[in-house]
Amino acid sequence: MSRLRAVVAALTLGAPFVATAADVTRVASSFEDEDPFGMFIDVGLEHSQRRTKIVREALPTTTGQTRQYQGELWYRSYDTRLNLDVAFGIAQDVELSFGLPIVLLQDESWGFVAGTSPANSTITNNFVRNNCGGSGTPCSLTTPEALFNVPENGYLETFRGGVGNARFGFAWSVFNQRKDETKPTWVVGLDYEAPTAKLLNPSILTSKEERGAVGDRVHKYTVYTALSRQIGLAEPYFRMHYTIPVRGPGAWSNCDNRNVEPQNLGHPQNCGADGWNRRETGIQAPHVAGVMFGSEFQVLEQPTRKFKMDLRAISNYVSEGRYYNEMSGALRKLLATGDYLQIGGQFALTAQLSDFLSVRGSGMYLYNTDHALTDEKIGKDLDGNGTVDITGNPEELNPNFDYRTDFVSRRFHATESKDWRLDVSATLRF
């Protein structure tokens, strides 16, 4: 209680302090009067999970009813990685950084929700076939053909891992409260994620013995700015960011495996045709924009040791696109995904054990709003007559469109989707 009263008193009375940057505004600085070279080395172990309930559209059974949704699957993913990062000052309040994740495992599984089984699942009891007789049109079946097979009392699984994409960063502390207490610490920066990881092939399920790759072959540029200001024993902060994806050479297109069995493209004949090149049929990574605000609280301060608590709120917007989502591993292709919001928070504790070493642990939770997982457009107007004529002009049919999963009343959606992340890291400061 005495510590809590001290925190409150510092916040309300403005107790004296020695200004230091919050985690989100930390910048390595060199050529300082008392510190000619600054560098941080971070080594962290991160584990994240996603759990999503996958439902499927169904037409109303009675006139006037709204669209129905049938629960089908629980999706679970597990990602454990070792993060290696180094940041060094190239001038006063200017840093360059480099990071490399080692993905130890990236495992996915799909299992039926309660009340669903192979006997009543629309996944198993599929009576539609794509591209019947090579005509590019669907047909009805008398005997069902499963979209994919899920064990009744088990899981469909796939396994991946390997070296992830390298990250390069630049950050500049425009203002630094440590040098001028009349101003907050203000940082602007640019992070570049290079497509260095081996290409993920979604068309095959992989095993624990031969894990698949994790790369998407997409360049990602993240611009951000962050502000923090220490007030007594608290240091509130704010950060916003925007990520721009740029498709790189060799990125995956669903047409790369157009002859996969069973067929998962509605009209593979159009792959590579006019209007349907690799850019049109390949990955279209989402844009991501987000804001974060919170505060660090100094709960213990000694000459060489400090203990900080960090509470933050997080919100991200993920745009629509075609990329690897919760159904991609099961349907074996990149999927047109709707946009959604992520809302949540994070709690962290940092122990600075000496001037050179600190340890940080954190837990994060995010809720993902409901969104479509299979929402490919049926085609596009190539002859300029104002309509998409898939029968009179079959060249206008999108090769990626799947009548079984992208047609209205057959689409899959993500609901009750949640992310958790736990990580622990150690920082060496020089």
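The values are calculated or read from the model by the stated rules, or taken from the named source; none is laboratory data. Computed from a predicted structure; not experimentally measured. Don't worry about glycine lacking a Cβ; one is built from the backbone with ideal geometry, like all the others, and counts go over all protein chains shown. What goes into the accessible areas is simple: the full protein's heavy atoms, side chains included, and nothing from ligands, DNA or RNA. Shrake-Rupley method; radii C 1.70, N 1.55, O 1.52, S 1.80 Å.
Look at (1) in contact with an Asp or Glu (Cβ under 9 Å, 6 or more places away or on another chain); (2) farther than 30 Å from P399 by Cβ; (3) among the hydrophobic types (A, V, I, L, M, F, W, C) and you find that I343 fails only one, number (1).
Of these, D42, D79, which one is farther than 25 Å from E157 by Cβ, within 30 Å of the chain's Cα centre (by Cα) and modelled with pLDDT of 95 or more?
The unique qualifying residue is D42.
Screening Q230 on (1) in contact (Cβ under 8 Å) with a residue 60 or more places away in the chain; (2) closer than 25 Å to P138 by Cβ shows it passes everything except condition (2).
Checking each residue in the stretch 187-211 for being surrounded by 18 or more Cβ atoms within 10 Å (Cβ to Cβ) and within 30 Å of L227 (Cα to Cα) picks out V187, G189, D191, E193, P195.
Total residues in the stretch 143-176 satisfying the condition of being aliphatic (A, V, I, L, M), over 23 Å from the mean Cα position of the chain (by Cα) and closer than 30 Å to E95 by Cα: the figure is 1.
Would you check if I123 is among the aliphatic types (A, V, I, L, M), part of a strand (DSSP E or B) and out of contact with any His (no Cβ under 7 Å at 6 or more places or on another chain)? Taking the combined requirement at face value, the residue does not satisfy it.
Among the residues of the stretch 249-265, those that are open to solvent by less than 70 Å² (accessible area, probe 1.4 Å) and either farther than 12 Å from G282 by Cβ or out of contact with any Cys (no Cβ under 9 Å at 6 or more places or on another chain) (or both) comprise G250, A251, W252, N257, V260, P262, Q263, N264, L265. Can you find a residue in the stretch 294-301 that is open to solvent by 40 Å² or more (accessible area, probe 1.4 Å) and under 18 Å from N201 (Cα atoms)? No, there is no match, as no residue in the stretch 294-301 is open to solvent by 40 Å² or more (accessible area, probe 1.4 Å) and under 18 Å from N201 (Cα atoms). Residues that are hydrophobic (A, V, I, L, M, F, W, C), in contact with a helix residue (DSSP H, G or I) (Cβ under 8 Å, 6 or more places away or on another chain) and outside any strand (DSSP E or B) within the stretch 252-299 comprise C255, L265, C271, A273, W276, listed in sequence order. For the residues T196, T142, T206, the requirement of being out of contact with any strand residue (DSSP E or B) (no Cβ under 8 Å at 6 or more places or on another chain) and in a loop (DSSP other than H, G, I, E, B) singles out T142.
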